[in-house]
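The values are calculated or read from the model by the stated rules, or taken from the named source; none is laboratory data. Quick caveat, the model's predicted, so the values are computed rather than measured. Cβ placement follows ideal geometry from the backbone for every residue including glycine, while neighbour counts extend to all protein chains displayed. Remember, those area values only see protein heavy atoms, side chains included, never the ligands or the DNA or RNA. Shrake-Rupley method; radii C 1.70, N 1.55, O 1.52, S 1.80 Å.
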Amino acid sequence: MIAWRISRKINAALHQRRRRGAFRKPFSGKSARRLLLLTIGERIPQSQIFPFHYYARDFRDALDTEIREVEITDYVAGLPDGPRDATTVCFQTPFDIPDDELARTLAAIREKNPQARLAYLDWFAPTDLRMAHRLPGIDYYVTKHVLRDRDRYARPVYGDTTLMDYYGRKYDLPHDETRFPIPPGFRSKLHLGPSFVTADFMLPAFAAGQRPDGPRPIDLHARIAVGGSPWYEAMRAESLAAAESLPDTETVTGTGIGHHRFISELQQSKICFSPFGYGEVCWRDFEAVLTGAVLLKQDMSHVETQPNIFVPDETYVPLRWDLSDFEEKARWLIEDPAARDRIARQAFERLHDYARSGRFAAQMAPLVA
């Protein structure tokens, strides 16, 4: 695909800028607004960061904002001659950061950027807001997905996520109840950002590409890893069993292949079954849309995302959480090419429009404006 070559070229250019330290240098002082990104240099958290660089021109031209990025561990350790006096600092932390480390992190950010707005970037998989009560001084809490019914955050869950609650009860697992406190006034700080569509290998491809055409000899793509926490293993084993039980279909299962082959297979697939992971929203949801396969997934009506590819029977096909309608839905899609084409096309166009239009800068404008 031409779009993949464009994506690799853009990523290579950004990598070279990182190697030269272009994102770590002090602010120029030529812009009214200065955005500092304090990040974790791993695949999942970096999917939140890439679009700031990809749309840097939009931030500069529309919002008079220049952008810098430093790994948060380097910044807290005392990076010499690094950017400071930002007007907004967006920062990520490890999933399990201890209280003392979090306090040191916040102190270091404030010492170097005393007047900045603080925006926390929650890159975690679950839909909970587990860091809300630990960050009382922030101005924004940016999440990739949120429960549509905000009142659910006031109720305890069996385990510590919505998925642990459901599957823990279903399989009678020994979970403890958890409730992450939501401070007064927190909802006004909650800001919904995009999910995995902004990953470095997807965003340029959605912006520049076309939905792949060509034969799709694979009926159902369902490469589902099973091992993990007890509730996760039970849920994924159930999903894999459903996929493998579908008779008279060309189904791909198994694990242990490279990402390039995984994407190539999806381009040849009619349906991509993307069950829940440790959170409801998964990489594979967006990879399915990118490659033109129809996304088949447990019902997502309880989750809010933006851009939203979880519109039932318009951009994906929902399943009951117990998968009792799996064969019915899969068989319908296999036997109805017009429905497959309509759903896959509408999902792709939604993300193509988002990426091409540059709406990300407007989506994040409240953090800096």
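Take SER245: with every protein chain present and a 1.4 Å probe, its accessible area is about 80 Å². By the helix-only formula, in which each DSSP H run with n ≥ 4 contributes -39500 (n - 2.57) and the sum is divided by residues, the chain has a 222 nm mean residue ellipticity of -12000 deg cm²/dmol. Taken about its Cα centre, region 77-212 carries a charge dipole of roughly 520 debye when the Cβ of each Lys and Arg holds +1 and the Cβ of each Asp and Glu holds -1. Amide H contacts for TYR316 (H built 1.01 Å from N in the peptide plane; partners 5 or more residues away or on another chain; cut-off under 5 Å): VAL311. Electrostatic tally near ILE138: other residues with Cβ closer than 13 Å to its Cβ, Lys and Arg +1, Asp and Glu -1, net +2.
Leaving out ligands, DNA and RNA, and with a 1.4 Å probe, what % of the accessible surface on the chain is carbon or sulfur? On the chain, the fraction of accessible area on carbon and sulfur atoms equals 50 percent.
With a threshold of 25 Å on the Cα-Cα distance, the over-threshold entries among LYS112/LYS189; LYS30/LYS189; LYS189/LYS297 are LYS30/LYS189; LYS189/LYS297.
Within the chain, the longest run free of exposed loop sites, counting trypsin sites (Lys or Arg not before Pro) that sit outside DSSP helix and strand states (H, G, I, E, B) and have at most 13 other Cβ atoms within 10 Å, spans 180-319. For region 164-306, just say rounded, prolate or oblate: build the C-alpha gyration tensor, square-root its eigenvalues into a ≥ b ≥ c, call rounded for a/c under 1.5, and beyond that prolate if a/b exceeds b/c, oblate if not. Here region 164-306 falls in the oblate category. Where a ≥ b ≥ c are the square roots of the eigenvalues of the C-alpha gyration tensor, would you call region 150-211 rounded, which needs a/c under 1.5, or, failing that, prolate if a/b is larger than b/c, or oblate? Cα axes put region 150-211 in the oblate bin. Built from the Cα atoms of region 98-142, the convex hull projects on average onto 3.3 nm², one quarter of its surface area. In units of the compact-protein estimate 2.2 N^0.38 Å, region 115-199 shows a Cα radius of gyration of 1.18. Separation of region 101-121 and region 316-369, taken as the distance between their Cα centroids, equals 37 angstrom. Centre-to-centre separation between the Cα atoms of region 232-281 and those of region 122-144: 30 Å.
Per residue, the accessible area of the chain comes to 43 Å² when a 1.4 Å probe rolls over the protein heavy atoms. Restricted to Cα atoms, the chain shows a radius of gyration and a Dmax of 21.3, 65 angstrom.
Shape of region 124-168 from its Cα gyration tensor (a ≥ b ≥ c, root eigenvalues): rounded if a/c is under 1.5, otherwise prolate when a/b > b/c, or oblate? It comes out prolate by the Cα gyration axes. Near GLU177, once Lys and Arg are set to +1 and Asp and Glu to -1 for all other residues with Cβ below 12 Å from its Cβ, the sum equals 0. Taking a Cβ cut-off of under 12 Å around LEU106, the surrounding Lys, Arg, Asp and Glu residues balance to a net charge of 0, with basic ones at +1 and acidic ones at -1.
Treating the Cα atoms of region 217-369 as identical point scatterers in vacuum, please give the log10 of the normalised Debye intensity I(q)/I(0) at q = 0.09 Å⁻¹, two decimals. The Debye formula, applied to the Cα set alone, gives -0.29.
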